[in-house]
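Here's the structure, in C-alpha cells; my notes come after.
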C-alpha cells in the first residue's frame, strides 16, 4: 500500500533552489545547495521538505565555445516540516547538466538532479526519491 503522495497530487509544483560554489580547477568545482524538494502527504499529514547539501562537480568544457557538460554528486541533510514539528535525515544527490557561458561572467544551464532520502517520523520508514529539472542563471565573480 503506497501511503506517500505528492501534495497536491494532480498539479505541477514550482520549487526553488539556492546554489553557491567555487570552481577549483577547469574540470572540478564544489557547490553548496539549499533546494526546496516540495510538499508530500504521508498518511493524512502534509510534509514540506528542504535539503541542505554539498556537491562535487566534474566539468567537461568544449574548448573555448563557452559550452560545458557537468555531473555532480552530493551529500547533505533533508529537513522535514510537518504540523507538529520537524525531523532531519541524510540525503544523497546525483545529477547531470549542460551550461553555456556567452561571456566570462554570465552563464545559463539546464540540469536534472535526483535526490534520495528516508522519512521515518511516522513510525514506518519510507524511501523517497525526488527528480528535479532546473533552469539556472549563473554569475561568476
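Rule-based calculations on the coordinates, nothing more; no lab input. In this text, all values refer to a predicted model and were calculated from it rather than measured experimentally. Using ideal geometry, Cβ is built from the backbone for each residue, glycine included, and neighbour counts are taken over all protein chains shown.
Can you give me the pair-distance distribution of the chain, C-alpha pairs, 5 Å bins, whole percents?
P(r) over the chain, rounded to whole percents: 2, 9, 18, 22, 16, 12, 9, 6, 4, 2, 0.
Given a 10 angstrom Cα cut-off, can you work out which residue in 117, 16, 84 is the most mobile in a GNM of the chain?
Answer for the Gaussian network model of the chain: 84.
Based on other C-beta atoms within 10 Å, arrange 31, 68, 118 from fewest to most. Before the final figure, lay out the partial values.
On the way: 31 16, 68 19, 118 12.
In order of increasing Cβ crowding within 10 Å: 118, 31, 68.
Would you mind computing, in nm to one decimal, how far apart the modelled labels at residue 87 and residue 46 are, each placed 7 Å from Cα along Cα→Cβ?
The answer from the label model is 1.9 nm.
What is the gain in length, in nm to one decimal, between residue 39 and residue 75 on full extension, counting 0.36 nm per residue of separation less the C-alpha to C-alpha distance?
10.9 nm
When a/c reaches 1.5 or more, the comparison of a/b and b/c decides; with that in mind, is segment 51-126 rounded, prolate or oblate per its Cα gyration tensor? Please report the intermediate quantities before stating the final value.
On the way: a/c = 4.07, a/b = 2.94, b/c = 1.38.
Prolate is the answer for segment 51-126, as a/c is 1.5 or above and a/b outweighs b/c.
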